[in-house]
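Chemist: Here's a structure for you.
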Amino acid sequence: MEEIKILHLYPDMLNLYGDRGNVQALKYRAEKRGINVIIDYYYLGGEAPDFSQYDIVFSGGGADSEQALVANDMLKYKEQIKKAIDEGVFFLLVCGSYQLFGKYYKGVEGDMIPGLEIFDYYTEAIPDRKKRCIGDIIIEVDLDGIKTKVIGYENHAGQTQNVEKPFGIVLCGQGNTFGAQQEGFMRKNVIATYIHGTLLSKNPEITDYIIQYALERKYGEKVELEKLDDAFEEKAREQLLNRYLNKR
Ligand code: GLN
């Protein structure tokens, strides 16, 4: 039986807007195909995880105060995390975690939170507390040559600059900075995004992309995932796309 091992980082501290739902969505769609899913959790100050033995690592978003605590802890694992990314482990990073993998995050009060500096982008929050990128967002993503629309929700003060390759192009909403055309950061085995908890449940194609990637890497052969009945998901997506794209 095929198996996927997922490591969920700081599930109690980085879980804004139900970010943990992304791990549940991966498990749900993998298990529907008879793939066994093992989920391990790492909590602040816990025993050091062996990042390289996982297929997928997930880390969610958090408020600035939690981000500062997590950053100090995460920095201990900088080299192991970098090694796992270089080896091809898939990393899904949402909002605060997206920011932490860059050079730094400068908070609303000007406080500096160091990043892992694995990627070259950096983030600075807008000093005006009332000014945040909040609301529904739709981006167009290119998954190995196949274009798909990703629907979600964003809520961040941070403005991320110097992104080498974005996750998608903004059709509705803000993205990496106010009025940006680009959202998130992507590499073959990394998706870093401001799109919160709803990401993988609302966008099954992204979920399947990650599952397929993880299986192909692990078993070293081309994988064709069995089609699932996504009639409800497609209906919901159609409604949301109509609602958000036609409101402009
Ligand atoms: N504190 C960060 C910001 O406001 C991240 C918030 C989040 O994860 N939603 O940009």
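The values are calculated or read from the model by the stated rules, or taken from the named source; none is laboratory data. In this text the structure is predicted, and so the values were computed from the model without any measurement. For neighbour counting, all protein chains shown are included, and Cβ atoms are generated from backbone atoms with ideal geometry for every residue, glycine included.
Chemist: Let me confirm something: among I6, I56, I81, which residue is touching a residue at least 60 places away in the same chain (Cβ under 8 Å), surrounded by 19 or more Cβ atoms within 10 Å (Cβ to Cβ) and either closer than 26 Å to E183 by Cβ or within 11 Å of the ligand (Cβ to nearest atom) (or both)? Don't jump to the end; show me each part of the working.
Modeler: Working: I6 fails: touching a residue at least 60 places away in the same chain (Cβ under 8 Å); I81 fails: touching a residue at least 60 places away in the same chain (Cβ under 8 Å).
When all the criteria are applied, what remains is I56.
Chemist: Do you know which of the residues in region 211-231 that are under 23 Å from the mean Cα position of the chain (by Cα) and outside any loop (DSSP other than H, G, I, E, B) is nearest to P166 (Cα to Cα)?
Modeler: That would be Y213.
Chemist: May I pose another question? Among the residues of region 118-146, which ones are over 30 Å from Q239 (Cβ atoms) and surrounded by 14 or more Cβ atoms within 10 Å (Cβ to Cβ)?
Modeler: I118, F119, Y121, Y122, T123, E124, A125, I126, listed by residue number.
Chemist: Which of the following residues is more than 16 Å from the ligand (Cβ to nearest atom) and touching a residue at least 24 places away in the same chain (Cβ under 8 Å): N15, N36?
Modeler: Result: N36 is the single residue among N15, N36 that is more than 16 Å from the ligand (Cβ to nearest atom) and touching a residue at least 24 places away in the same chain (Cβ under 8 Å).
Chemist: When the residues of region 184-203 are filtered to those that are touching a Leu at 6+ places or on another chain (Cβ under 8 Å) and farther than 17 Å from L171 by Cβ, which remaining residue is surrounded by the fewest Cβ atoms within 10 Å (Cβ to Cβ)?
Modeler: Among residues in region 184-203 that are touching a Leu at 6+ places or on another chain (Cβ under 8 Å) and farther than 17 Å from L171 by Cβ, the one surrounded by the fewest Cβ atoms within 10 Å (Cβ to Cβ) is V190.
Chemist: Let me ask something else. Looking at F119, is it within 13 Å of G158 (Cβ to Cβ) and either under 19 Å from the mean Cα position of the chain (by Cα) or of a type in the set (A, V, I, L, M) (or both)? I'd like the intermediate steps shown before the answer.
Modeler: Details: within 13 Å of G158 (Cβ to Cβ): no; either under 19 Å from the mean Cα position of the chain (by Cα) or of a type in the set (A, V, I, L, M) (or both): yes.
No; evaluated as a whole, the condition is false for this residue.
Chemist: Among (1) surrounded by 17 or more Cβ atoms within 10 Å (Cβ to Cβ); (2) under 24 Å from V37 (Cα atoms), there is one condition G220 misses while meeting the rest; what is its number?
Modeler: Just one mismatch for G220, condition (1).
Chemist: Still on this structure, I have one more. Output the residues belonging to region 140-166 that are assigned to a loop (DSSP other than H, G, I, E, B), within 15 Å of the ligand (Cβ to nearest atom) and touching a Gly at 6+ places or on another chain (Cβ under 7 Å).
Modeler: Those that are assigned to a loop (DSSP other than H, G, I, E, B), within 15 Å of the ligand (Cβ to nearest atom) and touching a Gly at 6+ places or on another chain (Cβ under 7 Å): none in region 140-166.
Chemist: Scanning for something closer than 18 Å to I56 by Cα, in a strand (DSSP E or B) and modelled with pLDDT of 95 or more, does region 192-210 turn up at least one residue?
Modeler: yes
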